[in-house]
Every structure is written in structure tokens, then in C-alpha cells.
Amino acid sequence: MILTTEAIVLHARRHGDSSRIVTLYTRELGKVGVVAKGARTTKSAFGSAMEPLSHIRCTVYHRPMKELHTVAKAELVHPLRRLGSDLELLRSGLLMCEMVMKTQAQEQSDARVFDLLATALHRLNDEDPSTAYSVSVGFRCALANVMGFGLPLGEPPIGAVVRIGLTDGVVRRDGEDGLRCSLSAYETLRTCAGGDACTVTHADELEIESVLSLYFSHHLDTRVVSAVATALR
């Protein structure tokens, strides 16, 4: 089957002397692996379309029951040039793509996930680097909602520390069951989930990453740990 679809490039790695194996999240097929032959050559027709974080339109030769398909051509739909020009913008974009990589099953499409990711990357492209991380947090909270286990993030009880229920995400007072989280980190998490950009302290970021990792891991029954969160720090 030959299919032309919009896609977000989640990940790319070298393949042979001149090609790349690329993971896409497409509107029609969901997450798919493709081979981009000759993508690493200087005269490649792909240009920068096979770079991670790219929003593209591509033609895929899809072969049922195969893990890898072939991408015949690809072009940028909307260039997101700023994402590669700043470390914080890049890191935040990769955090979002990494979460989609880790949480979405192969070839199970969900247009809501595609639209959520595309919208978040376009917003990030216009964001101030100082608040970029908050966009990635908001995206991951929204992704949990789409997947059916959203964090309610209600008004916190009085105290310097709260607990977030692993099963229901409900905030509770310290001493009850749940993930331990400082009030500062919890309030930051609420702000990000509400769609508001904000700066995030390093201490709050560490707590938020821990909460999101444990919460997603519990609901998906698999370990969901970000390699990006610390790799580009």
C-alpha cells in the first residue's frame, strides 16, 4: 500500500553508509518505522525532513506485517527552525517525542495524539527558551488525559508536601498513600498542565520528572523513564 500522510519525526538513527531508520508518528498509521534510503547523502532529496522534531508530509510504501517500511519522499509541512537552534527548545521537543515513542503502540493510530504533538511542537517553536520545559510538561499531562489516565491536579491540601495517587492521580495530604511531591513542584505541575508557560526550577523539574515517570509507568505497566531529561542538561 502506498500512503501519503502527515507525520512528526520522533527519532532517527544511521543505517548503513547513507541511509537512516526513522520512527514517525503519522496521522493515519500512528507510530511506524521507516527506512529513508540515501537520507544521509549530501544530495539527498529528503533535505532536513528526516530530522527529529520535523513536521512533514511523506509518502510511505507500507507493507503489512513488516516492522520497517520505506519512505519514498518527504517534505517539510511547517519548518520548525528554532527548535534546533537552542538547547532548551531542542531538549523540550525531544522530551515530548520521546514520550510518544515510549507510550504509543506500533501502528495504532490516534489523531488526537498526532494533533496534540504537532500543536505542542509548533507552540514550542515560538516559545521563550526559559519557559520551554513547561510546554513539555503540559504536553505530557495532556497525553495522559488522551490515554485515559489524566491527572486531576485539584486544589492541594495545606502543607509543604502533598501526595499524588498512583491510580487516580488525586492529590492528598502528606502521610497518605501516593507519590511524594513538594507543594512547589505540584503547583508548577498544575500551571503547566493548565497550558500556562512558566519557568521551572531545577529542583521542581527533578520532582516533576520523577512523578511523571512513575505515574506513566504505573498505568502502562512498563518502565517509562526519560533518557532526554538529563542527557542534554
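Miscellaneous remarks
- Being of a type in the set (Val, Ile, Thr), more than 16 Å from Leu10 (Cβ to Cβ), out of contact with any Asp or Glu (no Cβ under 9 Å at 6 or more places or on another chain) and at pLDDT below 95 is a description that does not apply to Ile164.
- The set of residues in region 51-78 being basic (Lys, Arg) and assigned to a strand (DSSP E or B) consists of Arg57, Lys73.
- Within region 187-211, the set of residues being in contact (Cβ under 8 Å) with a residue 60 or more places away in the chain, surrounded by fewer than 16 Cβ atoms within 10 Å (Cβ to Cβ) and within 16 Å of the chain's Cα centre (by Cα) is empty.
- Residue match in region 171-183 (condition: in a helix (DSSP H, G or I), in the same structural domain as Glu207 (by TED's automatic domain parsing) and at pLDDT 95 or above): yes
- Among the residues of region 128-147, those that are touching a residue at least 60 places away in the same chain (Cβ under 8 Å) and over 16 Å from the mean Cα position of the chain (by Cα) comprise Asp128, Ser130, Thr131.
Residue-wise test of (1) at pLDDT 95 or above; (2) within 23 Å of Ala144 (Cα to Cα); (3) outside the structural domain of Ser226 (by TED's automatic domain parsing); (4) in contact with a Ser or Thr (Cβ under 8 Å, 6 or more places away or on another chain).
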position	(1), (2), (3), (4)
Arg40	no, no, yes, yes
Ser48	no, no, yes, yes
His62	no, no, yes, no
Lys73	no, no, yes, yes
Val100	yes, yes, no, no
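- For region 153-184, a residue qualifies if it is closer than 23 Å to Glu205 by Cβ and loosely packed, with under 13 Cβ neighbours inside 10 Å, and the qualifying residues are Gly154, Glu155, Gly159, Ala160.
- The set of residues in region 7-60 that are of a type in the set (D, E, K, R) and either touching a residue at least 24 places away in the same chain (Cβ under 8 Å) or more than 19 Å from Leu95 (Cβ to Cβ) (or both) comprises Arg14, Asp17, Arg20, Arg27, Glu28, Lys31, Lys37, Arg40, Lys43, Glu51, Arg57.
The values are calculated or read from the model by the stated rules, or taken from the named source; none is laboratory data. Note that the structure is a prediction, hence the values are computed from the model and not measured. Note that each Cβ is placed from the backbone with ideal geometry, even for glycine, and that neighbours are counted across all protein chains shown.
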